[in-house]
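**Q** Okay, handing you the structure first.
The values are calculated or read from the model by the stated rules, or taken from the named source; none is laboratory data. Computed from a predicted model, the values in this text were never measured in an experiment. Cβ: placed from backbone, ideal geometry, glycine included. Neighbour counts: every protein chain shown. Each accessible area value is taken on the protein alone, full model and side chains, heavy atoms only, with ligands, DNA and RNA left out. Shrake-Rupley method; radii C 1.70, N 1.55, O 1.52, S 1.80 Å.
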Amino acid sequence: MATELTQPGPQPATEHPADLQALARRHLWMHFTRMGGFGPDAEIPIIARGDGCYVYDEHGRRYLDGLSALFCVNSGHGRAELADAAAAQIRELGFFTNWSYAHPRAIELATRIAGLAPAGLERVFFTSGGSEAVESAWKLVRAYHRMRGDEQRTKIVARDLAYHGTSLGALAATGLPSLKTPFEPVVPGGCHAPNTNAYRWPEGREPLWAADAIEALILAEGPETVGAVILEPVQNAGGCFEPQPGYFQRVREICDRHGVLLISDEVICSWGRLGHIFGCDRFGYVPDIITTAKGLTSAYVPMGAMIVADHVAEPFMQGTESFVHGFTFGGHPVAAAVALANIDIIEREDLCGNVRANEGAFRAMLESLRDIKIVGDVRGVGYFHAIELVKDRDAQQSFDHEESEQLLRGFVSGELFRRGLICRADDRGDPVIQLAPPLIAGPQQFEEIEAILRAVLTAASARV
């Protein structure tokens, strides 16, 4: 596949890496990071440059980016044309707000997205990122129902372990207690149904049990109080939970039966991650709202969006009505210009086709690791997969908190990085390793991933 990537430059990004370490320790507060873990002998990883599927640290060491930074650098690192698009837009119009004004790039991008979205989703509301997109969707749901006289519809149904963002509103939908407890009380209204992790289901359970559990929860809460159901096409937290065949069709029927809106949270699963522009296309359902971000610009600049069906937007388009919500930088002209150039790359190089053509080989590579005794399950779709690690594979016994801490953070995470692979070792739920390489990746990168994973997981298995 032809790509337009920058040529590798000098590998060391700075002549004074020690200065960067000292400054980072003193001034930079990293997200979701145990800052106290960086003692005198623990170096902060500083990624200084990227090219294609690879990034380089401050010392010039190369790493295969098996996570697309954070599920978002879909087109790969070092795309000169995205930099050119940003520079050209800055020269023309560096910024103007979308509050009561429009500018050409926002109009063009909204039109482009509407043309790619499922039929009927024609309105695009821009944000600065994924949490803002989810926050916007939930506010829209509440305002929509209120305008229709259903003021009680203030609840949102999500799934256990699901991550939908970190703002206080989005936290209500997020199904991870560890992320909510430090900030309680969070915004009320979040309700959680079982997820689709069939690996942990009892044998013989009905395949659409998890979908039917959503209806049971709606009925228990009172359908007149539920505004929306929010689901990722493939659930991220917990480790890439796939839906069962027919799951989303059943959920769509349930939502329609009870007057509940369906939000497809595609902050990760859109822009080719699952081999389609939107994850809902992969599974054949049409939501009322799509939330997206990350891969929209391949994360070269921050941007998100809420894509809304006409029937949901229509009440806000009449007379003196408005959706009294917004963000200063939503629809930023530079971000919109980069997004348009990024979509050009996705379409020109058929990155969705590349994912579909290679996902079988990617999955087979991960499945080949099942001969290592701590590999319990392999799951995922497209270029979005996880390996669940277990203490006893026959009993599907997971590690306790202390064991997981020692395994993942005490060994696996650091050893993978030391050997040159960036991926995610996580235990929000059961311990997993997640992989989501850039959409330009292929067999060469799969071989590199397999070699490093096999060595590290074999060593980890010997420690159990």
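**Q** Does any residue in segment 364-388 that is farther than 22 Å from Gly279 by Cα come within less than 7 Å, Cβ to Cβ, of a residue that is of a type in the set (Phe, Trp, Tyr) six or more places away or on a different chain, and which pairs are these?
**A** The qualifying pairs are Met365/Phe446; Asp377/Tyr199; Glu388/Tyr199.
**Q** Filter segment 322-346 down to residues that are of a type in the set (S, T, N, Q) and surrounded by 15 or more Cβ atoms within 10 Å (Cβ to Cβ), then give me how many there are.
**A** Residues meeting the conditions: 1.
**Q** Please find, within segment 31-56, the residue that is least open to solvent (accessible area, probe 1.4 Å) out of those that are under 23 Å from the mean Cα position of the chain (by Cα) and under 22 Å from Glu405 (Cα atoms).
**A** Thr33
**Q** Out of (1) open to solvent by less than 70 Å² (accessible area, probe 1.4 Å); (2) assigned to a loop (DSSP other than H, G, I, E, B); (3) modelled with pLDDT of 95 or more, the odd one out for Tyr101 is which?
**A** Every listed condition holds for Tyr101 apart from (1).
A quick yes/no check of all residues on (1) among the charged types (D, E, K, R); (2) more than 25 Å from Val312 (Cβ to Cβ):
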position: Gly175; (1), (2): no, no
position: Ser178; (1), (2): no, yes
position: Thr181; (1), (2): no, yes
position: Gly190; (1), (2): no, no
position: Leu208; (1), (2): no, yes
position: Leu231; (1), (2): no, no
position: Val234; (1), (2): no, no
position: Glu242; (1), (2): yes, yes
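**Q** Next up: Tell me yes or no: at least one residue of segment 347-357 is in contact (Cβ under 8 Å) with a residue 40 or more places away in the chain, more than 30 Å from Glu92 (Cα to Cα) and surrounded by 21 or more Cβ atoms within 10 Å (Cβ to Cβ).
**A** Yes, segment 347-357 has at least one match.
**Q** Can I ask one more? Among (1) free of Cβ contacts under 8 Å to residues at least 40 places away in the same chain; (2) open to solvent by 70 Å² or more (accessible area, probe 1.4 Å), where does His59 come up short?
**A** The number of the failed condition is (1).
**Q** What residue, among those in segment 358-385 that are in a helix (DSSP H, G or I) and of a type in the set (Lys, Arg), is surrounded by the fewest Cβ atoms within 10 Å (Cβ to Cβ)? Show your work before the answer.
**A** Initial filter on segment 358-385 (in a helix (DSSP H, G or I)): 358-371.
Pick out the ones that are also of a type in the set (Lys, Arg) and you get 363, 370.
Numbers: Arg363: 17, Arg370: 13.
Here the residue is Arg370.
**Q** Does Gln89 fit the bill of being crowded, with 17+ Cβ neighbours inside 10 Å and polar (S, T, N, Q)? Outline the logic, then answer.
**A** Working: crowded, with 17+ Cβ neighbours inside 10 Å: yes; polar (S, T, N, Q): yes.
Here the answer is yes, as Gln89 does meet what is asked.
**Q** Same structure, new question: Please state which of the following conditions Leu408 fails to meet, knowing it meets all the rest: (1) open to solvent by less than 20 Å² (accessible area, probe 1.4 Å); (2) in contact (Cβ under 8 Å) with a residue 60 or more places away in the chain; (3) closer than 19 Å to Arg370 by Cα.
**A** (2)
**Q** Name the residue that is farthest from Thr97 (Cα to Cα), counting only residues in segment 322-347 that are assigned to a loop (DSSP other than H, G, I, E, B) and among the polar types (S, T, N, Q). Before you say what the answer is, go through the steps one by one.
**A** Initial filter on segment 322-347 (assigned to a loop (DSSP other than H, G, I, E, B)): 322-332.
Going one step further and asking which of them are among the polar types (S, T, N, Q), we end up with 322, 328.
Working: Ser322: 17, Thr328: 6 Å.
Looking at the filtered set, the residue picked out is Ser322.
**Q** All but one of (1) touching a Gly at 6+ places or on another chain (Cβ under 6 Å); (2) in a loop (DSSP other than H, G, I, E, B) hold for Glu388; state the number of the condition that does not hold.
**A** Every listed condition holds for Glu388 apart from (2).
**Q** Do the conditions hold for His77, that is, is it touching a residue at least 12 places away in the same chain (Cβ under 8 Å), in contact with a Phe, Trp or Tyr (Cβ under 6 Å, 6 or more places away or on another chain) and either over 18 Å from Thr292 (Cβ atoms) or among the polar types (S, T, N, Q) (or both)? Can you show your working first?
**A** On the way: touching a residue at least 12 places away in the same chain (Cβ under 8 Å): yes; in contact with a Phe, Trp or Tyr (Cβ under 6 Å, 6 or more places away or on another chain): no; either over 18 Å from Thr292 (Cβ atoms) or among the polar types (S, T, N, Q) (or both): yes.
No.
**Q** Only residues in segment 447-464 that are open to solvent by 60 Å² or more (accessible area, probe 1.4 Å) count as the first member; pair them with residues that are assigned to a helix (DSSP H, G or I) and of a type outside the set (Asp, Glu), Cβ under 8 angstrom, at least 6 apart or cross-chain, and list the lot.
**A** Glu447/Met365; Arg454/Leu369; Arg463/Leu407; Arg463/Phe411; Val464/Leu407
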